[in-house]
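Have a look at this one.
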Amino acid sequence: MNKEKQKEAVKQNMFATMIFWCLFSLVGIVGMVLAASRKTIVIADASPDVSTVSVAEELAVESGSPFDLQAKGMERVINIPLEKGTKAESVVIENHYMKRELWIHILDATIGFYQENGGYGNLSYVSDASCDQHDDGVFIKFDMSRVLEYRTTLEDDVLRIAYYEPHELYDLVVVIDPAAGGMDSGLSEGRTAEKDIVLQVAKNIQNAVTQENIKLYFTRLDDIGVDDEERIWLSEEVKADAFIRLCVAAKQDDPEAYGILGRYNATFFIPGMGNAQLADIVTRNVTISSSNKAVGLEEATRDSILQGISVPATEVSLGYVTNEQESSLLRQDMYVEKLAEGLAKAILVVYTNEHE
């Protein structure tokens, strides 16, 4: 009798255990479903203003219909309701800082939804907004009053765009300025044009500088013309810690001349990281990385763009296009990568000096 009771007790315990684990699993599943329904997805940072043919430019967007925005709240966030089920990968965000514009492309979206719902948030830096329908979705454009950085998340079918001043997110802000561009080929010799060389080096710098606390702004990353006033404006707008102009040199009367040359503005002194010190750091690191010869440093001429820049600034000449061998090197991808690596190392040295 006692054995039968023991067996019955064991059966009851096993049954109770099964009930417990079933309920536990059910609670876990419900919890995951609820969590998924309120999941916050971080969307990739807004791509930089590379001045290249982007998603929106391919759509040839000039202007769209007004996009209704309602001022609401003090937090520096703009909220855009999304059609139910919109996935993070369907949202493309571009920060066109040279134009002070924020572009949002929502794939497979319909404009009627956005005309009806609009957006809301802190509009302190928003001067205008428009939206337009295209074959593959909706394009929304914000005209901003400042150059800003954006962090975006998708939560409960709402796109949240938080915006910041550059130095609120980054410890070091550097403006990279590839010379010439567009109709201006710069110094050229044969198949070697300054505008193409410095553009390729600039693109490689993007990949060479990977530190999250360093932000690079580029005056151009495409073959377009940029006025000196715009280049100077960008350095002031983002309160750059350093301005590095990329160029080449030419010496028609001495085709044997070659090497890396740095220039700086000697008309005023900047405490800490001064113009001459920055020029030395950049020239030295580019020379070492490229295994080239350092020509040295020289003062910028009166007509140099450096004369109008109030932050630590330098102009580095990456080689002589009038030297046949160096001109050939400047057209080689591996050598361009070495030049970019030297510039990236120089930026790290500047960062270290700024934060010792």
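Would you mind getting me the FRET efficiency between Glu83 and Asn213? Use the beta-carbon distance for r and R0 = 56 Å, nearest 0.05.
0.95
Another question about this same structure. What number comes out for the charge environment of Ile260, summing +1 per Lys or Arg and -1 per Asp or Glu over other residues with Cβ under 13 Å away?
So the surrounding residues net to 0.
What does the net charge come to around Val295 if you take all other residues with beta carbon closer than 11 Å to its beta carbon, with K and R at +1 and D and E at -1?
Values: positive: Lys251, Arg263, Lys293; negative: Glu298.
So the environment of Val295 carries a net charge of +2.
Roughly how many nanometres apart are two label points built 7 Å out from the Cα toward the Cβ at Thr267 and Thr153?
4.8
Restricting to Cα pairs below 8 Å that are 6+ residues apart, what does the relative contact order work out to for segment 168-354? Please round to a whole percent.
RCO, segment 168-354: 28 percent.
Whole Å is fine, so just give me how far the alpha carbon centre of segment 135-181 lies from that of segment 225-272.
Computed from Cα coordinates, the inter-centre distance equals 26 Å.
Right, something else. Which net charge results when you count Lys and Arg as +1 and Asp and Glu as -1 among the other residues whose beta-carbon is under 13 Å from that of Asn323?
-3
Also: Please give the length that would be gained between Glu168 and Ile288 if that part of the chain were fully extended, namely 0.36 nm times their separation in residues minus their C-alpha to C-alpha distance (nm, one decimal).
Gain on stretching Glu168 to Ile288: 39.9 nm.
Per residue of segment 280-287, in order, report the coupling 6.51 cos²θ - 1.76 cosθ + 1.60 (Karplus, θ = phi - 60°) as ³J(HN,Hα) in whole Hz, putting x for Gly and Pro.
Once rounded to whole Hz, the list reads 5, 4, 5, 4, 4, 6, 5, 4.
Follow-up. Determine the alpha carbon to alpha carbon distance for each of Lys141/Lys345; Lys203/Lys239; Lys99/Lys239; Lys251/Lys293; Lys141/Lys215 and list only those over 25 Å.
Lys141/Lys345
Something else: For Gln133 and Gln307, what does the FRET efficiency come to when R0 = 45 Å and r is the distance between their Cβ atoms, rounded to the nearest 0.05? Walk me through the numbers on the way to the answer.
Details: r = 48 Å, r/R0 = 1.06.
That pair, Gln133 with Gln307, gives E of 0.40.
Could the peptides 118-130, 235-247 be put in order, highest first, of the mean number of other beta-carbon atoms found within 10 Å of their residues?
235-247, 118-130
Just so you know, all these numbers are worked out from the coordinates, no wet-lab data involved. From a predicted model like this one, the values you see are computed outputs, not experimental measurements. Positions of Cβ are backbone-derived with ideal geometry, glycine not excepted, and every protein chain shown enters the neighbour counts.
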